[in-house]
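Asks: The following block contains the structure, expressed as structure tokens.
The values are calculated or read from the model by the stated rules, or taken from the named source; none is laboratory data. Computed from a predicted structure; not experimentally measured. A quick note on method: Cβ atoms are made from the backbone with ideal geometry, for glycine too, and the neighbour counts reach across all protein chains shown. Quick note on the areas: whole protein, heavy atoms, side chains included, nothing else; ligands and nucleic acids left out. Shrake-Rupley method; radii C 1.70, N 1.55, O 1.52, S 1.80 Å.
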Amino acid sequence: MALAGTSKVVLGCVAFGIFWVLAVFPTVPFMPVGRTAGSLLGAMLMVLFRVISPEDAYAAIDLPIIGLLFGTMVVSIFLERADMFKYLGNLLSWKSRGSKDLLFRVCIVSAIASALFTNDTCCVVLTEFILKVARQNNLPPQPFLLALATSSNIGSAATPIGNPQNLVIAVESGISFGQFLLGVFPAMIVGVLTNAAILLCYFWKYLSVEKDQEGGQPAGPEVVADDEVTSHRFTPARMSHVSSLNPDDMDCISEPIIRSNSVRSTSANENLRSRSVNSEADIQLAIKSLRASSMSHEMVEVSTVTDRRDEGASSRKFTRTASQQRSVIIEDSPPSPASNGEKEKEDEVAEKRWRVFVWKTAVYLITLGMLIALLMGLNMSWTAITAALVLLALDFTDAQACLEKVSYSLLIFFCGMFITVDGFNKTGIPNTLWELVEPYSRIDSAKGVALLAVVILILSNVASNVPTVLLLGTRVAASAAAISHDSERKAWLILAWVSTVAGNLTLLGSAANLIVCEQARRAQFFGYNLSFWSHLRFGVPSTIVVTAIGLLIVTSY
């Protein structure tokens with residue numbers, strides 16, 4: 001595809017440049033509209049400048065990716081309600097040896113989860129939870145957010161279902177799941193370990209800061225992004241992992257929920273009758289309230305007893321302790337029916353505990369079924385949407401509360417990005433760049449592999465990795481097929497590895513990066529702004545080193 005007309009190239013570059021600036025700097029002074037509106041503005045300019053037709057603009061929206069994101073967001077909401085994050089927190093903190101060990105665990109867990117659930121799903125599920133863990137341990141959030149985003153991208157390279165571009169490569173190349181796994185998995189393991197080592201070296205000083213025992217803040221300089229959110233906000237259109245009232249979370253709530261023992265007893269009774277309890281933490285709160293109710297009756301009673309003697313009447317005050325009061329009640333009073341009422345309440349709590357257990361089991365089984373379906377090669381987006389709809393149906397409640405937590409702004413951002421990137425591709429600039437370097441990027445030489453990797457890195461960050469794979473896939477494979485059949489398969493694997501790891505270079509290089517950034521910024525209690533430059537400072541050296549090491553392993557397969 002040759003370059004388009006001069007006006008189309010110029011206007012297309014202007015529209016893409018506006019989109020790129022607003023995506024990188026969502027609060028620029030002259031137009032602080034944010035990333036979502038910036039992507040829609042870029043898409044609208046592509047249509048108004050006639051770089052792309054309205055029909056082609058609608059066709060450019062990748063509905064499978066949008067459906068996959070929507071489905072996984074809904075599934076992650078139910079996993080949140082099923083306390084998966086509490087169990088995951090136990091895994092991350094089990095016999096933990098400090099902040100460095102926690103960072104290493106985040107890298108490993110996010111990489112493996114991304115290979116199985118896709119990197120976008122992993123980032124949607126884990127971002128706010130990792131923020132919470134970092135804040136509760138008085139640790140800087142930036143290293144852990146970078147560990148999540150970069151390790152998720154690297155881990156997703158290992159399987160065809162790890163990310164959308166790998167799915168495209170698996171379909172177009174005909175490489176089986178096993179061949180893909182054998183070709184890239186070793187590089188993924190080494191890449192994750194290398195990335196974790198770079199993270200530890202980069203943030204060693206900040207992770208070594210001991211906790212301030214009095215103030216609860218790090219004693220040394222904290223790694224803080226441009227604008228850190230300090231207020232507690234409620235944003236419906238985002239994932240929130242703070243729905244259950246765990247005892248450890250009570251310091252995160254601005255007003256006390258429980259004022260006194262009697263109030264706790266009353267609220268527990270009302271909750272047991274009218275509230276749908278969907279988490280283990282709610283049951284624990286109810287049990288504690290019942291115990292508090294029984295203890296509230298064990299008060300010290302002060303009575304005035306008149307001791308009449310021959311000399312006259314004199315009054316004395318006797319103070320009965322809680323145990324003495326109990327003995328008086330037991331000896332002098334008939335059996336109280338309160339014990340039967342408490343037993344009924346305990347039976348009701350036990351019944352609710354059983355219902356919650358069955359509900360949690362159903363959520364985990366449906367999620368496992370979705371994973372098995374993805375491993376079998378079924379359509380990714382429809383598999384995720386089906387799992388989401390099954391969970392909504394089995395919940396037997398109005399789905400509005402659950403659907404309000406879906407990040408629709410993120411879905412709209414991707415729609416605008418697809419149109420803008422497709423319009424930029426129609427200018428012919430990406431294709432022209434490939435035609436210039438194609439004769440020098442043959443994979444039968446080390447220089448050719450290095451040059452091909454540089455081209456993929458640049459295009460993946462300018463035009464996104466999925467369009468890069470669609471644009472270069474068949475061309476790279478045709479060039480390698482002229483050498484041998486094994487070279488063609490190797491070329492596809494190189495494209496999969498480099499285009500995926502290239503997402504770590506900049507904040508815009510991968511959808512997973514954007515998800516981590518937006519989810520962290522909109523977090524209800526632990527909001528944090530991961531800026532473009534803070535990501536770039538770490539992403540450039542990490543991407544270059546991990547890509548180079550992985551290429552040595554993939555090309556030797």
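Residue-wise test of (1) of a type in the set (A, V, I, L, M); (2) part of a helix (DSSP H, G or I); (3) modelled with pLDDT under 85.
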{"position": "M370", "(1), (2), (3)": "yes, yes, no"}
{"position": "L391", "(1), (2), (3)": "yes, yes, no"}
{"position": "L411", "(1), (2), (3)": "yes, yes, no"}
{"position": "F418", "(1), (2), (3)": "no, yes, no"}
{"position": "N425", "(1), (2), (3)": "no, yes, yes"}
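Asks: I need every pair where a residue in segment 147-163 that is under 13 Å from V109 (Cβ atoms) has its Cβ under 9 Å from the Cβ of a residue that is among the charged types (D, E, K, R) and surrounded by 24 or more Cβ atoms within 10 Å (Cβ to Cβ), sequence separation at least 6 or different chains.
Replies: S152/D120
Asks: Now a separate question. The conditions are (1) touching a Ser or Thr at 6+ places or on another chain (Cβ under 7 Å); (2) open to solvent by less than 10 Å² (accessible area, probe 1.4 Å); (3) not acidic (D, E), and N431 fails exactly one of them. Which is it?
Replies: (1)
Asks: Can you name the number of the only condition in (1) assigned to a helix (DSSP H, G or I); (2) at pLDDT 90 or above; (3) closer than 27 Å to L375 by Cα; (4) within 25 Å of the chain's Cα centre (by Cα) that A158 fails?
Replies: Every condition holds for A158 apart from (1).
Asks: Collect the residues in segment 103-114 that are of a type outside the set (V, I, T) and either farther than 11 Å from V192 by Cβ or open to solvent by 10 Å² or more (accessible area, probe 1.4 Å) (or both), keeping them in residue-number order. Steps first, answer last, please.
Replies: Pass one, segment 103-114, residues of a type outside the set (V, I, T): 103-105, 107, 110-111, 113-114.
L103, F104, R105, A113 - these are the residues of segment 103-114 that are of a type outside the set (V, I, T) and either farther than 11 Å from V192 by Cβ or open to solvent by 10 Å² or more (accessible area, probe 1.4 Å) (or both).
Asks: Of everything in segment 11-40, what is open to solvent by less than 20 Å² (accessible area, probe 1.4 Å) and not in a helix (DSSP H, G or I)? Give them in sequence order.
Replies: Residue satisfying the conditions is V28 alone.
Asks: Now for a separate question. How about segment 494-527: which of its residues are more than 17 Å from the chain's Cα centre (by Cα) and open to solvent by 10 Å² or more (accessible area, probe 1.4 Å)?
Replies: If the condition is that a residue be more than 17 Å from the chain's Cα centre (by Cα) and open to solvent by 10 Å² or more (accessible area, probe 1.4 Å), then L505, T506 are the ones that fit.
Asks: Could you look through segment 158-170, keep only residues that are over 15 Å from V554 (Cα atoms) and of a type in the set (G, A, S), and pick out the one that is least open to solvent (accessible area, probe 1.4 Å)?
Replies: G162
Asks: Another one. What do you reckon, is R442 at pLDDT below 85, over 15 Å from Q165 (Cβ atoms) and basic (K, R)?
Replies: Working: at pLDDT below 85: yes; over 15 Å from Q165 (Cβ atoms): yes; basic (K, R): yes.
Yes, satisfied.
Asks: Limited to segment 349-384, what total is found for residues that are exposed (fewer than 15 other Cβ atoms within 10 Å of the Cβ) and more than 30 Å from D62 (Cα to Cα)?
Replies: Qualifying residue count for the region: 7.
Asks: Listed residues S445, S441, S460, S409; which is in contact with a helix residue (DSSP H, G or I) (Cβ under 7 Å, 6 or more places away or on another chain) and without any contact (Cβ under 8 Å) to a residue 40 or more places away in the chain?
Replies: On the way: S445 fails: in contact with a helix residue (DSSP H, G or I) (Cβ under 7 Å, 6 or more places away or on another chain); S460 fails: without any contact (Cβ under 8 Å) to a residue 40 or more places away in the chain; S409 fails: without any contact (Cβ under 8 Å) to a residue 40 or more places away in the chain.
The conditions single out S441.
Asks: Moving on to the next point. Only one of these is buried (at least 17 other Cβ atoms within 10 Å of the Cβ), over 25 Å from the mean Cα position of the chain (by Cα), at pLDDT 90 or above and part of a helix (DSSP H, G or I): A387, A450, A491. Name it. Let's see the steps before the verdict.
Replies: Numbers: A387 fails: over 25 Å from the mean Cα position of the chain (by Cα); A450 fails: buried (at least 17 other Cβ atoms within 10 Å of the Cβ).
After applying the criteria, what remains is A491.
Asks: Residues of segment 41-96 being part of a helix (DSSP H, G or I), at pLDDT 85 or above and open to solvent by 50 Å² or more (accessible area, probe 1.4 Å), which ones?
Replies: Listed by number, the residues that qualify are M44, L48, P54, E55, D56, Y58, A59, L63, F70.
Asks: Name the residues in segment 171-194 that are open to solvent by 20 Å² or more (accessible area, probe 1.4 Å), part of a helix (DSSP H, G or I) and small (G, A, S), would you?
Replies: Listed by number, the residues that qualify are S173, G178.
Asks: Name the residues in segment 528-552 that are open to solvent by 10 Å² or more (accessible area, probe 1.4 Å) and of a type in the set (S, T, Y), would you? Lay out the reasoning, then the answer.
Replies: First pass over segment 528-552, keeping only residues open to solvent by 10 Å² or more (accessible area, probe 1.4 Å): 529, 531-533, 536-537, 540-541, 544-545, 548-549, 551-552.
Answer for segment 528-552, where residues must be open to solvent by 10 Å² or more (accessible area, probe 1.4 Å) and of a type in the set (S, T, Y): just S531.
Asks: Test G377 against the stated conditions and say whether it is under 25 Å from the mean Cα position of the chain (by Cα) and at positive phi. Can you show your working first?
Replies: On the way: under 25 Å from the mean Cα position of the chain (by Cα): yes; at positive phi: yes.
Yes: the conditions hold for G377.
Here is a yes/no grid of residues against (1) more than 16 Å from L103 (Cα to Cα); (2) modelled with pLDDT under 90:
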{"site": "I154", "(1), (2)": "no, no"}
{"site": "P164", "(1), (2)": "yes, yes"}
{"site": "L167", "(1), (2)": "yes, yes"}
{"site": "M188", "(1), (2)": "yes, no"}
{"site": "N195", "(1), (2)": "no, no"}
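Asks: Still on this structure: Which condition breaks for V437 when tested against (1) within 27 Å of L507 (Cα to Cα); (2) buried (at least 18 other Cβ atoms within 10 Å of the Cβ)?
Replies: Exception for V437: condition (2).
Asks: Looking at (1) farther than 16 Å from V516 by Cβ; (2) of a type outside the set (V, I, T); (3) open to solvent by less than 20 Å² (accessible area, probe 1.4 Å), can you tell me which one N119 breaks?
Replies: Here N119 clears every test but (1).
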